[in-house]
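Nothing in this text is a laboratory measurement; each read-out follows from the coordinates by a stated rule. Here the structure is a predicted model, which means the values were calculated and not measured. For neighbour counting, all protein chains shown are included, and Cβ atoms are generated from backbone atoms with ideal geometry for every residue, glycine included.
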Amino acid sequence: MYSMISYWLKYYRHECGLTQQQVADRLKIERSTYTYYETGKTKPDINTLIKIAKVYNINYQKLLEGVEAELEDAVAEIHSGAEEDDGYKYRTHAATKYEVELLFVVRNLNPKQRKEVMNLAKSFIKDSDDEE
C-alpha cells in the first residue's frame, strides 16, 4: 500500500537526482528492498529512515510528514466499522497501538493474503467460542 512515507521517499530521491540503485548502494541494502519502501510493500524502520534522510540531506521528520493523518484515518476506519459483521462482534472503543499496527500490516497485503488472514483470525475467534 502506498503511503506518505513512500511518497516522500520517491519525492526526495527525485529531488536529489538519484536512482533507486544509488540510494540502495549508499544504504548498503538491496535495490529491491529500497523499491519496496517506495512502493509501500514494506516500511523502513526508524534507523533506516534516519540513514535515508542523511542520503537526502534532510531531517528524518520530513519523511514522516502526513503519517499522523494516515494513522488517524486508520483509527477512524476501525471506529467506523459496524459492530457486527458476518456474525462476529467487533470492539469499537479506542484501538490499541498493536491493533493499529495490525491494520497497517493487513493493508499492505494483497487481496488473497487479506482473505487468508481474515479467515485465520475468524477461526481463532470461533475456536475460542467453541472452548467455552
Kirkwood Rh over alpha-carbon pairs of the stretch 4-64 plugged into Stokes-Einstein at 25 °C, 0.890 mPa s gives a D in µm²/s of 222
To make sure I understand the rule: partners must be lysines, Cα under 19 Å from the Cα of residue 43, and not fewer than 8 residues away in the same chain. Which ones qualify? 10, 28, 51, 54, 62, 97
Put in order of increasing Cβ neighbours within 10 Å, starting from the fewest, 11, 34 give 11, 34
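How would you rank 58, 52, going from fewest to most other Cβ atoms within 10 Å of each one's own Cβ?
If I rank by nearby Cβ atoms, fewest first, I get 58, 52.
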Anchor residue 112: lysines whose Cα lies under 17 Å away (excluding residues fewer than 8 positions away in-chain): 41, 122
